[in-house]
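Peer 1: For reference, the structure I am asking about is given below.
The values are calculated or read from the model by the stated rules, or taken from the named source; none is laboratory data. Note that the coordinates shown come from a computational prediction; the quantities given were computed from them, not determined experimentally. Don't worry about glycine lacking a Cβ; one is built from the backbone with ideal geometry, like all the others, and counts go over all protein chains shown. Remember, those area values only see protein heavy atoms, side chains included, never the ligands or the DNA or RNA. Shrake-Rupley method; radii C 1.70, N 1.55, O 1.52, S 1.80 Å.
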Amino acid sequence: MATTKKPAAKAAPAKKAAPAKPAAAAKPAAKTAAKKPAAKAAAKPAAKKPVAKAAAKPAAKKPAVKKAPAKPRTPNAAFMKPLTPSPALAAVVGSAALPRTEVTKKIWDYIKKNKLQDAVNKRNINADDKLKVIFGGKAQVTMFELAKLVSGHLS
């Protein structure tokens, strides 16, 4: 039998792919798209960082100059001067002469004890009968106005 070359076989016709579901088709495409950049990044050699720049920086910093330890704060004499409250203010803080700082503390103690701080806006103080006299008849004041309004009742 003589061997003769057979002509190349014809390629089989491509089979038609079954119609794929849209959601199922999107997932593999997204996965392959996500894999491609990672594969490209892995294929590229890592860029070498210049070492010369790091060596050029000065290694030692100047030591910080240490200051002498601070003296404990001494209160301002004007704040510590005892002042006599007016009769309206004395109803809240007492009739004894007090420094401004203590008067403010006692007013805040009174406000918190009687729950006069506004629930919605904590900066506002709702006046009761005693505080309304101190606040000049206002039903509500802000905490920033408090020192100004109280200073008129100290002498």
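Peer 1: Rounded if a/c is under 1.5, else prolate if a/b beats b/c, else oblate: with a ≥ b ≥ c from the C-alpha gyration tensor eigenvalues square-rooted, which is the stretch 59-126?
Peer 2: Oblate.
Peer 1: Full extension from A77 to Q117: what is 0.36 nm times the residue separation minus their Cα-Cα distance, to one decimal in nm?
Peer 2: 11.4 nm
Peer 1: How large is the accessible surface of K105 in square angstrom, using a 1.4 angstrom probe and rounding to the nearest 10?
Peer 2: Approximately 120 Å² of K105 is accessible to the 1.4 Å probe.
Peer 1: Which is farthest toward the positive dipole end of the stretch 88-155 among W108, A119, G152, measuring Cα position about the Cα centre, with Cβ charges +1 (Lys, Arg) and -1 (Asp, Glu)?
Peer 2: Final value for the positive-end residue is A119.
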